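One structure is given here, and the rest of the page talks about it.
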Amino acid sequence: MEKEKVAQDQLSNRAGFRRLPPVYLAPLNTIGAIDREPADAAIREKREKIKEMMKHAWKNYKRYAWGKNELKPVSKGGHSSSLFGNIQGATIVDALDTLFIMNMKDEFEEAQAWVEENLNFNVNAEVSVFEVNIRFVGGLISAYYLSGAEIFRKKAVELGVKLLPAFQTPSGIPWALLNIKSGIGRNWPWASGGSSILAEFGTLHLEFMHLSYLSGNPIFADKVMNIRTVLNNLEKPEGLYPNYLNPNSGQWAQYHVSVGGLGDSFYEYLLKAWLMSDKTDLQAKKMYFDAIKAIETHLIRKSRNGLTYIAEWKGGLLEHKMGHLTCFAGGMFALGADDAPEGMTQHYLQLGAEIARTCHESYNRTFVKLGPEAFRFDGGVEAIATRQNEKYYILRPEVVETYMYMWRLTHDPKYRKWAWEAVEALEKHCRVKGGYSGLRDVYFNKESYDDVQQSFFLAETLKYLYLIFSDDDLLPLEHWIFNTEAHLLPVLSRNLKKVEDDGK
Ligand code: DMJ
């Protein structure tokens, strides 16, 4: 009751809110969200194959795990992850926009019907604020902009309100975990000194800005702008952002810096906040370019044989390891290149290409041609996992995500070639009768399945692959921002009002 009251007070007490500038959204369902066949027959065929993969993943989820969060493709049942508490239907919400852009109308409609009838946030559930935001809030907002169906907007805002109590900490840096019934938050027990995690609280910005525009309530934007202010005001060691921040003191807790797990999408969201604001959010731009400059100085290295990699920084010492998660950074560097400080555009495009190459090597040096969770550059090895617990592949998207940006921005055919290699490897080693499964060891010549079809396989991996074999006018990058789960958020254009007025 107390939590409900706080949420209600926050929503009704509009007087004290700073007004947001008026923003005019693109007319729904217009800009490049409608399917178009590529002219080249060979490309069309490849794209069709990827759509068939989506059908296989969806059909089996529907048959064996409908309404559950994820599918167990080998044992053919539902898989529940503690990340969503007992919120259900992660695969359905994560898949919505992929179904839409692949023109899978019947499947989209059955997913929408499930959301209307069954998606329920009135549950006693402790959830990961980050995961629920990127998958559920992001997926619902994206489905709303693509389809115009009001239910998605309503559900996104309803969930956004449920997440607000997470911000009730002395610094306003949110808790990682929140019970969405009681409104009680806490941090991961393993996180250094009770800290919140940079990649988690730093990956709310895009969705929360849209929640404010979609609800007409600035509270969501205020919460994430406060996170921005706290981070901007803090002293940064060597210009770097540590992964751990204590929400009580508002101070860094441990000097561990990573562009992979625990840090990754914070940097991505700085860049995308700049792009999504139609390049008006100058603070985000500055923080992004300052951050990647420091990263380049302190974390990026070249191996003996010329592979560029991004290491992890621990209080000044480098661990020469790069995570699969870190591979998204190639696409990020390339996406931001155009707006780089003077003379640096080519440099960042090149850096993106080098990271793409390294990540491709990490795939190419395995038996299955899909990359491990982490690979190392020490002890005489390059781009190879040396520890048993780093050899798995869980259908992650980051490498094909980077190929997608590199393809769009350079049209170098090697990215389509590499993407196709990944498709063939997925078909050969991850496809099973009941869907797609992750692998326990990518160097082993006999598949050992982890028996999980991750929801991000449908949200991200298959979407990025499909886009690589589509024309550039399907979801043009100037109009759409992909959240970190590949959900689509339109640029909040400052010119649309003018266009509308001129058109009258
Ligand atoms: C996804 O949920 C998102 O891409 C997130 O940013 C990182 N982890 C997974 C995919 O690997």
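The values are calculated or read from the model by the stated rules, or taken from the named source; none is laboratory data. In this text the structure is predicted, and so the values were computed from the model without any measurement. Virtual Cβ from ideal backbone geometry, glycine too; neighbours counted across all protein chains shown. When the accessible area is computed, the model is the full protein with side chains, heavy atoms only, and any ligands, DNA or RNA have been set aside. Shrake-Rupley method; radii C 1.70, N 1.55, O 1.52, S 1.80 Å.
Quick one: pull the percent of accessible area on the chain belonging to carbon and sulfur, 1.4 Å probe, ligands and nucleic acids left out.
50
In this model, which of LYS293/LYS414; LYS59/LYS463; LYS293/LYS463; LYS279/LYS314; LYS55/LYS321; LYS321/LYS433 are farther than 24 Å apart at the alpha-carbon?
Table pairs above 24 Å Cα-Cα are LYS293/LYS414; LYS293/LYS463; LYS279/LYS314; LYS55/LYS321; LYS321/LYS433.
If packing is taken as the average count of other Cβ atoms within 10 Å, what order do 92-98, 320-326, 349-355, 195-201 fall into, highest mean first?
Top to bottom by mean Cβ count within 10 Å: 92-98, 195-201, 320-326, 349-355.
Which residues in segment 146-177 place their backbone N less than 20 Å from a point set 7 Å from the Cα of SER81 along the Cα-to-Cβ direction?
Answer for this model: 156, 159-160, 163, 175-177.
Suppose R0 equals 30 Å. What FRET efficiency, 1/(1 + (r/R0)^6) with r the Cβ-Cβ distance, do ARG44 and ASN364 give to the nearest 0.05?
Result of the calculation: an efficiency of 0.65.
Need one word for the chain: rounded, prolate or oblate. Basis is the Cα gyration tensor (sqrt eigenvalues a ≥ b ≥ c); a/c below 1.5 gives rounded, then a/b vs b/c decides.
rounded
Taking only DSSP H segments of four or more residues, each worth -39500 (n - 2.57), what value at 222 nm results for the chain once the sum is divided by all its residues, to the nearest 500 deg cm²/dmol?
-13500 deg cm²/dmol
Give me the extension gain from SER182 to ASN124: residue separation times 0.36 nm, minus the current Cα-Cα distance, reported in nm with one decimal.
So the chain would gain 20.1 nm between SER182 and ASN124.
Tell me, in nm to one decimal, what length is gained between LEU234 and ASN389 on full extension, where the rule is 0.36 nm per residue of separation less the Cα-Cα distance?
Residue separation times 0.36 nm, minus the Cα-Cα distance, leaves 52.3 nm.
Return the distance in nm (one decimal) between the two label points of a simple spin-label model at GLU296 and LYS105, each offset 7 Å from Cα along Cα→Cβ.
In this crude spin-label approximation the distance works out to 4.8 nm.
Roughly speaking, what is the centre-to-centre gap between segment 377-425 and segment 201-218 when only Cα atoms are used, to the nearest Å?
Here the two parts' Cα centres lie 32 Å apart.
Determine, for each peptide in 77-84, 418-425, the mean count of other beta carbons within 10 angstrom over its residues, then list the peptides with the highest first.
For the peptides 77-84, 418-425, the packing ranking is 418-425, 77-84.
Along the Cα-to-C-beta direction of GLU342, a point sits 7 Å from the Cα; which residues of segment 276-297 have their amide N less than 18 Å from that point?
Flagged as within label range: 286, 289-290.
For the peptides 377-386, 253-262, what is the packing order when you average, over each peptide's residues, the other Cβ atoms within 10 Å and list the highest mean first?
Descending packing order for the listed peptides: 253-262, 377-386.
Checking a compactness column here: for segment 329-465, what do you get for Rg(Cα) / (2.2 N^0.38 Å), N being the number of residues?
Against the compact-globule rule of thumb, the ratio is 1.09.
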